[in-house]
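See structure below.
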Amino acid sequence: MIGPPGSGKTMLARRLPTILPPMTLAEALEATRIHSVVGALSPDRPLVATRPFRSPHHNVSESGTIGGGSVPRPGEASLAHNGVLFLDELPEFRRDVLEALRQPLEDGEVTIGRARSTFTFPARFMLVCAMNPCPCGYAGDPRHACACSPQKIRRYRSKISGPLLDRIDIHIEVPALKYDDIATKRAGESSSVVAERVARARSTQLARFAATGPRHPVYCNAQMGPQLIRRFCPVSSQSDEILRAAIDRLGLSARAYHRVLKVARTIADLEGKESIQPSHITEAVQYRTLDRTVW
């Protein structure tokens, strides 16, 4: 999420756990094992039954993020396994910390090598990031003048590398709220209603991937590999043309192509649709344009 200060980016991220689907027993046991290794379980809460939400400060080290130390132990990425890892003020994090997230985002695990041994920790999490469009926060804001030079803005945004951005499925702008939006008395859709819709979609996905096997279980669309994408994300000729145009005009990578299909499959699941429609592809594609139109 990219937007000016006070637009609600952090609030949206922190409300995310209220709409996430309940953990399965297998997911809860996976998370519990990780938290027990670092001594993060309390006597009155021996099982991690709710999805973890980790929000490390931007001065966190690489070993604190992905794990390490003289006696290797899990870091924030593994503690967020089956939950959310939230990075607020993304460009403020060290470059090596951000680049270290590329492996878990791709493989769902972290491998730490030592002279005599290698340690692998699970790290399948939902990465959620928030940042301002520039150092002062007001680039592109019609109500505030930006005090940053083009060079300063470019240097600020270049802290987020293309390979990392390519691994993030959805890039959205969060505009500043107007007075009418803040003061409105209209009730929006409640989190409980959204959570029910998400839970139905996740149940559909669990049934879809039930035959993937216990060794490498797949719990949701985001965890599909190329083989499962080909099997469960067939598209019509019209949808195929939309994807072809997106790749040609927006310069999307092969990785982005697969991520668009997974997002479109999820949109279809949320709507209760059996197959991916052209409208689902179009919506998924427009979530990938931030790094081209703003960056």
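The values are calculated or read from the model by the stated rules, or taken from the named source; none is laboratory data. Quick caveat, the model's predicted, so the values are computed rather than measured. Heads up, the Cβs are rebuilt from the backbone with ideal geometry, glycines too, and the neighbour counts pull from every protein chain shown. Accessible surface is based on the protein model in full, side chains and every heavy atom, while ligands, DNA and RNA are left aside. Shrake-Rupley method; radii C 1.70, N 1.55, O 1.52, S 1.80 Å.
Numbers for the structure displayed
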{"quantity": "Gyration tensor (alpha-carbon) shape descriptor, the chain, a/c threshold 1.5", "calculated": "rounded"}
{"quantity": "Protein-only accessible surface order, largest first, of Glu76, Glu27, Glu109, Glu196 at 1.4 Å", "calculated": "Glu196, Glu109, Glu76, Glu27"}
{"quantity": "Protein accessible area in region 105-243, 1.4 Å probe - carbon and sulfur %", "calculated": "54"}
{"quantity": "Sequence of Asp141, Asp240 when ordered by accessible area, the most exposed leading, probe 1.4 angstrom", "calculated": "Asp240, Asp141"}
{"quantity": "Region 150-268 shape via C-alpha gyration tensor axes, a/c threshold 1.5", "calculated": "oblate"}
{"quantity": "Cα gyration tensor shape of region 98-153, rounded if a/c is under 1.5, else prolate or oblate by comparing a/b with b/c", "calculated": "prolate"}
{"quantity": "Loop-located trypsin sites (Lys or Arg not before Pro) in region 191-250, at most 15 other Cβ atoms within 10 Å (DSSP)", "calculated": "Arg215"}
{"quantity": "Antiparallel bridge percentage (DSSP; both residues within the chain; nearest 5)", "calculated": "45"}
